[in-house]
Amino acid sequence: MKEQHTDPNDLGLVCLHQPSVPVVRTFCERMGIQPDAVVPTFHRTGNMGAATLPLQLAHAADQGRYARAHRWSCSAWPAAPAAA
């Protein structure tokens, strides 16, 4: 986000790989992302890898969150960031 000159607090919607709730929490803390900006899916689907990104986008659209989010981000990684 630094390279893109993006302030995490400006993100109204964040879709990311959700391998577990603690990993998402740690990611948000380390990146300075507000947890309510994340579209949660892990509690319904478990770890779906990067396939959760389109699912989160669909949930966000169903909830009307695109209209509220003028800036948003999608992120996936091959391994948990805490393990890197």
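No lab work stands behind these numbers, since they all come straight from the coordinates. Note that the structure is predicted; figures quoted are calculated from it, not measured. Positions of Cβ are generated from backbone atoms using ideal geometry, with glycine treated the same way; all protein chains shown enter the neighbour counts.
Tell me the label only: which of (i) 68; (ii) 91; (iii) 82 is volume of the Cα convex hull per residue in Å³ as calculated from this structure?
The calculated read-out lines up with (ii).
Going by average Cβ neighbours within 10 Å, how do the peptides 5-12, 47-54, 16-23 rank, with the highest at the top?
Numbers: 5-12: 13.0, 47-54: 15.4, 16-23: 18.4.
My ranking of the peptides, most packed first, is 16-23, 47-54, 5-12.
Size of the dipole of the range 1-50 about the Cα centre, Lys and Arg at +1 and Asp and Glu at -1 on the beta carbon, nothing else charged, in debye to 20?
Its charge dipole is roughly 220 debye.
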